[in-house]
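The values are calculated or read from the model by the stated rules, or taken from the named source; none is laboratory data. Given the structure is predicted, the values throughout are model-derived calculations rather than measurements. Glycine gets a Cβ as well: all are built from the backbone with ideal geometry, and neighbour counts include every protein chain shown.
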Amino acid sequence: HTHTHPHKFFFFFSQQTERTPNKNTKGMAFTARNQERVRQQQRQQEFVREDQLRRLQQENVLAANQASDYRVETKRRMRLVAQQQQELEMVRQMEEQATQRRARELEQQQQQ
């Protein structure tokens, strides 16, 4: 019996057509590859954007901290200068009092 069963023939034929790419399936595969490549590029660009945004935020935080440090340092120096001026004023007053005391002592000695 040389006759092939119709179901076997259909199965064989469908297997062959699936394996044999035609223009449409090639185009669809190429399009799918392109779409995947575009998606990958978009993901990569998104990672780059996120990284850039993260770096900008870190730079902003660093700049704010540096500005804060500068303000703190400026206030500290101003307090230090004010303290030094007070100390100098106290020394000047003490020297002036000592000078006045010597002048009074000299005056008292001259009166005796």
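Among the residues of region 51-76, the ones that are within 11 Å of the chain's Cα centre (by Cα) and of a type in the set (D, E, K, R) come to 4 in all. In region 77-84, is there at least one residue being surrounded by 10 or more Cβ atoms within 10 Å (Cβ to Cβ), in a helix (DSSP H, G or I) and either modelled with pLDDT under 95 or of a type in the set (Asp, Glu) (or both)? So far as region 77-84 goes, no, none of its residues is surrounded by 10 or more Cβ atoms within 10 Å (Cβ to Cβ), in a helix (DSSP H, G or I) and either modelled with pLDDT under 95 or of a type in the set (Asp, Glu) (or both).
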